[in-house]
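Participant: Below is a structure I'd like to ask you about.
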Amino acid sequence: MVKDAEKHGAQFASKDDARITVFGKFLRKTRIDEIPQFLNVIRGEMSFIGPRPERPYFVRELSKSISFYEIRHSIKPGLTGWAQVSTKYGECEEDSLTKLQYDLYYIKHRGMFLDLRIILKTMSTVIFFRGQ
């Protein structure tokens, strides 16, 4: 990110976010920026599939305004998840509510077939450089 990207407080990321540098866009497009989280999966701190972790600031704020938001923390966060492969990039509180609905669906219905579907959709996104 550019210097002082959030000097006025935390912000949701957005498509074509002006705070992201050219090199940052390259890292994001190639998914190289996910390597540290992959290491967290290897260490057992995260699972491969589960609700994507959110920044602590947004967790506090969203927990105040969205009922049941904390339930998404009942399982380990994941490198990929049902909300990530099923919805658009979260740019606002309404998007977070939609993602929460997918996360809760995953928590309730998780199993081998849903995990396989998420893995296939994730691989498709990575291979064909889709997503943000």
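Participant: Return the residue satisfying two criteria in turn: it lies in segment 83-132 and is part of a helix (DSSP H, G or I) and among the polar types (S, T, N, Q), and of such residues it is nearest to P51 (Cα to Cα).
Facilitator: Only one residue tops the list, namely Q84.
Participant: Continuing with this model, one more query. Go through segment 102-132 residue by residue and tally those that are of a type in the set (S, T, N, Q) and either exposed (fewer than 15 other Cβ atoms within 10 Å of the Cβ) or in contact with a Lys or Arg (Cβ under 7 Å, 6 or more places away or on another chain) (or both).
Facilitator: Result for segment 102-132: 2.
Participant: On the basis of being in a helix (DSSP H, G or I), of a type outside the set (D, E, K, R) and either under 25 Å from I32 (Cα atoms) or without any contact (Cβ under 8 Å) to a residue 24 or more places away in the chain (or both), does Y57 make the cut?
Facilitator: Judged against the criteria, Y57 is a match.
Here's the yes/no breakdown for (1) touching an Asp or Glu at 6+ places or on another chain (Cβ under 8 Å); (2) on the phi > 0 side of the Ramachandran plot; (3) not aromatic (F, W, Y):
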| site | (1), (2), (3) |
| --- | --- |
| D17 | no, no, yes |
| Q37 | no, no, yes |
| S65 | yes, no, yes |
| T80 | no, no, yes |
| T87 | yes, no, yes |
| E91 | no, no, yes |
| Y105 | no, no, no |
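Participant: Another question about this same structure. What's the number of the condition K25 fails, among (1) open to solvent by 30 Å² or more (accessible area, probe 1.4 Å); (2) in a loop (DSSP other than H, G, I, E, B)?
Facilitator: In the conditions (1) open to solvent by 30 Å² or more (accessible area, probe 1.4 Å); (2) in a loop (DSSP other than H, G, I, E, B), K25 misses (2) alone.
Participant: Here is a further query. Mind listing whichever residues of segment 28-51 are small (G, A, S) and either modelled with pLDDT under 80 or exposed (fewer than 12 other Cβ atoms within 10 Å of the Cβ) (or both)?
Facilitator: The answer is G44, and nothing else.
Participant: Another question about this same structure. Here are some residues: K88, K76. Which one is open to solvent by 60 Å² or more (accessible area, probe 1.4 Å), in contact (Cβ under 8 Å) with a residue 24 or more places away in the chain and within 23 Å of L120 (Cα to Cα)?
Facilitator: K76
The values are calculated or read from the model by the stated rules, or taken from the named source; none is laboratory data. For clarity, every value in this text was computed on a predicted model and none was experimentally measured. Glycine also receives a Cβ, built like all others from the backbone with ideal geometry; neighbour counts cover every protein chain displayed. We work out accessible area using only protein heavy atoms, side chains counted, and drop any ligands, DNA or RNA first. Shrake-Rupley method; radii C 1.70, N 1.55, O 1.52, S 1.80 Å.
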